[in-house]
There are 2 protein chains.
Amino acid sequence: MLHQPAQLDLMFQALADPTRRLMVERLCDGPASVSELAAPLAMTLSAVVQHLAVLEESGLIRSQKQGRVRTCHVETQALRAAERWISERRMVWERRFDRLGAYLAENPEEPDEGNPT
Amino acid sequence: MLHQPAQLDLMFQALADPTRRLMVERLCDGPASVSELAAPLAMTLSAVVQHLAVLEESGLIRSQKQGRVRTCHVETQALRAAERWISERRMVWERRFDRLGAYLAENPEEPDEGNPT
DNA sequence: AGGATACTTAAGCGCATGCTTCACCAACCG
DNA sequence: CGGTTGGTGAAGCATGCGCTTAAGTATCCT
């Protein structure tokens, strides 16, 4: 329920990178260690860890360390927050679109006189 | 990461800025001119125009100029693309979650033996 | 015509991002 | 034990981002 703009910033920022989206996609299939995540990527482990830090900071994933292995998993709550923002926008837009349609249906071919709202 | 600029990259990048999200929210209520969009924002017109360029580049909005006024509106197709990526992730995750639940129901209290898939 | 309005373009500045390398530590394994 | 594996942390570097100022251009109004 928390409508934190800062959180959305971090979320969308995190999703804006193709490498990080790949990681999220991989983690949606199930948990993975850092080096498992790094394996298919053409960059150093260091870079991968930095991407993971961004993802974790954004709330999109979490991880815990056991022995020397850090295991990561998606935090779907966060993903839902991003999805919610978008679908809310879509609903607002669709509502307006419907009003516009109704207006045009009731005032066919009339010269434009401003916003029907 | 010098890959070709994927549309999702540009989209999420565009949405990662609170000012740009505000503009999108405003435009979901209906079209607006550049200075109408700029009015509530504590920055120069120049900065607003640059934000607009990012949004337009990402496909989230479009604009056309008539006389000296540029009118902007949302392009909801693009918004749907972002929404789709997220909801696909969620579905993958939920499917896995269901499988895991089924596995645990059939193998109660067993020691972990790897992925149920 | 002269002035106001609505952008447009370019240059620049400070900070953030995405990577690298190198040095390091801690856990596991034969 | 000593070597390999899995990860951590800091420094550095090139590029990108968000903003500014400043100087245009084109359109509309009187």
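The values are calculated or read from the model by the stated rules, or taken from the named source; none is laboratory data. Treat the numbers as computed from the prediction; the structure is a model and nothing was measured. Every residue, glycine among them, receives a Cβ derived from its backbone with ideal geometry; neighbour counts consider all protein chains shown.
State yes or no: is residue A:80 surrounded by fewer than 15 Cβ atoms within 10 Å (Cβ to Cβ), at pLDDT below 95 and either within 12 Å of chain B (Cβ to nearest Cβ) or within 28 Å of residue A:45 (Cα to Cα) (or both)? Step through it out loud before you land on a result.
Numbers: surrounded by fewer than 15 Cβ atoms within 10 Å (Cβ to Cβ): yes; at pLDDT below 95: yes; either within 12 Å of chain B (Cβ to nearest Cβ) or within 28 Å of residue A:45 (Cα to Cα) (or both): yes.
Yes: the conditions hold for residue A:80.
Criterion first (at pLDDT below 90, among the hydrophobic types (A, V, I, L, M, F, W, C) and either touching a Gly at 6+ places or on another chain (Cβ under 9 Å) or surrounded by 11 or more Cβ atoms within 10 Å (Cβ to Cβ) (or both)) does residue B:104 satisfy it? I'd like the intermediate steps shown before the answer.
Numbers: at pLDDT below 90: yes; among the hydrophobic types (A, V, I, L, M, F, W, C): yes; either touching a Gly at 6+ places or on another chain (Cβ under 9 Å) or surrounded by 11 or more Cβ atoms within 10 Å (Cβ to Cβ) (or both): yes.
When the stated conditions are applied, residue B:104 passes them.
Do we find that residue A:15 is surrounded by 16 or more Cβ atoms within 10 Å (Cβ to Cβ), within 10 Å of another protein chain (Cβ to nearest Cβ), within 14 Å of DNA strand C (Cβ to nearest atom) and touching a residue at least 40 places away in the same chain (Cβ under 8 Å) in this structure?
Numbers: surrounded by 16 or more Cβ atoms within 10 Å (Cβ to Cβ): yes; within 10 Å of another protein chain (Cβ to nearest Cβ): yes; within 14 Å of DNA strand C (Cβ to nearest atom): yes; touching a residue at least 40 places away in the same chain (Cβ under 8 Å): yes.
Against the criterion (surrounded by 16 or more Cβ atoms within 10 Å (Cβ to Cβ), within 10 Å of another protein chain (Cβ to nearest Cβ), within 14 Å of DNA strand C (Cβ to nearest atom) and touching a residue at least 40 places away in the same chain (Cβ under 8 Å)), residue A:15 qualifies.
Suppose we filter B:71, B:44 for residues that are farther than 22 Å from residue A:79 by Cα, without any contact (Cβ under 8 Å) to a residue 24 or more places away in the chain, within 11 Å of DNA strand C (Cβ to nearest atom) and β-branched (Val, Ile, Thr); which single one remains?
B:44
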